[in-house]
Amino acid sequence: MDIDILKHFVRKDVEILVGGIVFEGHMLPIAKGIVVLMPFPEAASFYGPASCKAEAIQLIRQVKRNSPNEANVVPSATPPAPVRSSLETLSPKFRFENKIQ
């Protein structure tokens with residue numbers, strides 16, 4: 001991919017496609033045609049920086065992420081109505097009475 005296109009994504013969270021594999025991370029400044037992605041904080045303990053040549057990138061897109069100060073919004077769901085049995089209105093004597101004659 002052309003470096004003129006890639007320079008718009010410097011210092012942003014991105015996903016890139018290289019050889020059919022998707023990498024995601026924070027893009028560092030490009031030096032000598034080499035693109036370096038730092039992993040996101042939650043994956044940093046598992047992965048190190050990823051680097052590739054700018055020409056090898058097939059696709060790039062910016063990723064929108066929640067900032068650490070921004071709380072995740074969880075919709076408040078109403079609890080479902082309790083399930084009731086139709087046998088609750090009958091006394092135990094009538095519930096198990098033999099109806100076959």
Name the single residue that is modelled with the lowest pLDDT among those in the range 49-78 being surrounded by 10 or more Cβ atoms within 10 Å (Cβ to Cβ) and part of a loop (DSSP other than H, G, I, E, B). 65
One residue from 23, 40, 46 being surrounded by 10 or more Cβ atoms within 10 Å (Cβ to Cβ) and either modelled with pLDDT under 90 or in a loop (DSSP other than H, G, I, E, B) (or both): 40
Here the qualifying pairs (Cβ atoms under 8 Å; residues six or more apart or on different chains; first in the range 79-93 and at pLDDT below 75; second assigned to a helix (DSSP H, G or I)) come out as 87/95
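The values are calculated or read from the model by the stated rules, or taken from the named source; none is laboratory data. It should be emphasised that the depicted structure is a prediction, and the values quoted were computed from it without experimental measurement. All Cβ positions, even for glycine, are placed from backbone atoms using ideal geometry, and neighbour counts span all protein chains on display.
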